[in-house]
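Q: My questions will all concern the structure given below.
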Amino acid sequence: MLDADFFRRWMTATATSVDREAERLTALDSPIGDADHGSNMRRGLTAVTAALDKEAPDTPGAVLMLAGRTLISTVGGASGPLYGTLLRRTGKALGDAGEVSEERFAEALREGVDAVRTLGGAAPGDKTMIDALVPALDALGDGFVAARSAAEEGALATTPLQARKGRASYLGERSIGHQDPGATSASLLVAGLAEAAGE
């Protein structure tokens with residue numbers, strides 16, 4: 001069973017990896033975006049860990065709701081609303097339970113990803129964070145390590161794609177040959193699950 005501590009560890013692990021990878025995320029964003037994805041995500045997740053330390057929510061749902069609200073209020077560009085919606089909707093779906101099973105979490109996360117797809121209008125193959133999140137969801141039944149691998153492969157697979165959503169889509173064919181920064185940060189989020197579980 002997964003408790004509030006697990007979800008706090010997930011957010012902390014993600015914040016640590018985004019901090020470590022921020023320059024790479026920005027380098028990926030530079031040719032096809034605003035060259036600020038790494039710094040934006042670092043700022044948002046630093047704020048998330050500070051908020052969790054201050055408020056110490058005691059249910060999984062409350063941890064994710066607070067994290068989502070914080071990202072929406074601190075991350076610039078499209079990333080704040082998208083990641084914030086992902087976490088808030090997942091947290092809302094988890095409700096007030098003190099602990100949740102991995103299966104229940106997977107169901108809630110699917111609701112979160114569906115909300116992101118609705119908000120951004122993106123589908124798999126559009127060269128967005130969805131290209132990492134959907135494969136991760138599909139692999140989650142086999143555990144967090146399998147989900148991490150699927151997300152990483154999904155992010156890498158965005159390189160030959162032409163962007164059809166977001167800022168990169170304005171470049172048309174010039175977006176081909178660049179790994180999507182949003183899919184890359186999404187793969188870091190999924191990797192944080194395995195780390196939080198000690199896997």
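Q: Per the Kirkwood treatment, what hydrodynamic radius in Å, one decimal, follows for the chain from the mean inverse distance over all distinct Cα pairs? Intermediate values should be presented prior to the final figure.
A: Numbers: mean 1/r = 0.0615 Å⁻¹.
For the chain, the Kirkwood estimate is 16.3 Å.
Q: When only the heavy atoms of the protein chains count and the probe is 1.4 Å, how do 34, 3 rank by accessible area, highest first? Intermediate results must be reported in sequence, preceding the final value.
A: Details: 34 90, 3 55 Å².
Descending accessible area places them as 34, 3.
Q: Using a 1.4 Å probe, how large is the accessible area of residue 126, given in Å² and rounded to the nearest 10?
A: Here the accessible area works out near 10 Å².
Q: Let me ask another. Test of the criteria: in the stretch 101-199, which trypsin sites (Lys or Arg not before Pro) are in a DSSP loop and have at most 16 other Cβ atoms within 10 angstrom of their Cβ? All intermediate terms of the calculation are to be shown ahead of the outcome.
A: Details: sites: 104, 110, 117, 127, 148, 164, 165, 167, 174; in loops: 127, 164, 165.
Filter output for the stretch 101-199: 164.
Q: Looking at the chain as a GNM with Cα springs under 10 Å, which of 76, 154, 182 has the largest mean-square fluctuation?
A: Of 76, 154, 182, the most mobile in the Gaussian network model is 76.
Q: Would you look at the GNM of the chain, springs on alpha carbons closer than 10 Å, and say which of 177, 61, 112 moves the most?
A: Judging by the Gaussian network model, the answer is 177.
Q: Another one. Using 0.36 nm per residue of separation minus the Cα-Cα distance, give me the extension gain between residue 54 and residue 142 in nm, one decimal.
A: Working: separation 88, 0.36 × 88 = 31.68 nm, distance 3.42 nm.
This chain segment gains 28.3 nm when fully extended.
Q: Once the Cα atoms of the stretch 30-70 are picked out, what are the Rg and Dmax in Å?
A: 13.0, 41
Q: Can I ask one more? Could you work out the Kirkwood radius for the stretch 121-199, taking every pair of different alpha carbons, averaging 1/r and inverting it, reported in Å?
A: On the way: mean 1/r = 0.0813 Å⁻¹.
That comes to 12.3 Å for the stretch 121-199.
Q: Compute a Gaussian network model of the chain, connecting alpha carbons closer than 10 Å, and tell me which residue from 12, 118, 59 fluctuates the most.
A: Maximum among the listed residues: 118.
Q: Would you calculate, for the chain, the mean residue ellipticity at 222 nm contributed by helices, counting each DSSP H stretch of 4 or more residues as -39,500 (n - 2.57) and dividing by all residues, to the nearest 500?
A: Rounded to the nearest 500, it is -22500 deg cm²/dmol.
Q: Quantify, in whole percent, the carbon and sulfur part of the accessible surface of the chain (1.4 Å probe; protein heavy atoms only).
A: Values: 4230 of 8700 Å².
Roughly 49 percent, rounded to a whole number.
Q: So what's the gap between the Cα centers of the stretch 1-77 and the stretch 178-196, to the nearest angstrom?
A: 11
Q: According to a simple spin-label model (label point 7 Å from Cα along Cα-to-Cβ), what is the distance in nm between residue 101 and residue 159?
A: 4.0
Q: May I ask you to compute the full-extension gain from residue 35 to residue 1, defined as 0.36 nm times their residue separation minus their alpha-carbon distance, rounded to one decimal in nm? Display every interim value, and only then the final one.
A: Details: separation 34, 0.36 × 34 = 12.24 nm, distance 3.92 nm.
So the chain would gain 8.3 nm between residue 35 and residue 1.
Q: Might you work out the accessible area of residue 100 for me, using a 1.4 Å probe with all protein chains in place, and round it to the nearest 10 Å²?
A: 10
Q: Under a 1.4 angstrom probe, counting protein chains only, how are 65, 129 ranked by accessible area, largest first?
A: Values: 65 60, 129 15 Å².
The residues order as 65, 129, largest area first.
Q: Same structure again: Roughly speaking, what is the stretch gain from residue 46 to residue 16, that is 0.36 nm per residue apart minus the C-alpha to C-alpha distance, in nm to one decimal? Walk me through the numbers on the way to the answer.
A: Numbers: separation 30, 0.36 × 30 = 10.80 nm, distance 0.86 nm.
Stretched out fully, the residue 46 to residue 16 stretch lengthens by 9.9 nm.
Q: Just to be sure I understand the rule: take each whole DSSP H helix in the chain, project its Cα atoms onto its long axis, keep it if the span is 24 Å or more and its mean Kyte-Doolittle hydropathy is at least -1.0. Which ones pass? Walk me through the numbers before you get to the answer.
A: Working: long enough: 4-29 (34 Å, -0.45); 37-55 (27 Å, -0.55); 102-120 (27 Å, -0.44).
Those that clear 24 Å and a mean of -1.0 are 4-29, 37-55, 102-120.
Q: Just the accessible area per residue of the stretch 2-154, please: how many Å² with a 1.4 Å probe?
A: Values: 6480 Å² over 153 residues.
Solvent-accessible surface per residue comes out at 42 Å².
Q: Of 30, 187, 169, which has the most accessible area and how do the rest follow, probe 1.4 Å? Working shown, then result.
A: Working: 30 70, 187 10, 169 35 Å².
Reading off the accessible areas and sorting them downward yields 30, 169, 187.
The values are calculated or read from the model by the stated rules, or taken from the named source; none is laboratory data. As the structure is a computational prediction, the values presented were derived from the model and not from experiment. When we count neighbours, we look across all protein chains shown, and the Cβ atoms used for this are built from the backbone with ideal geometry, even at glycine. These accessible areas exclude ligands, DNA and RNA; they are computed on the full protein's heavy atoms, side chains included. Shrake-Rupley method; radii C 1.70, N 1.55, O 1.52, S 1.80 Å.
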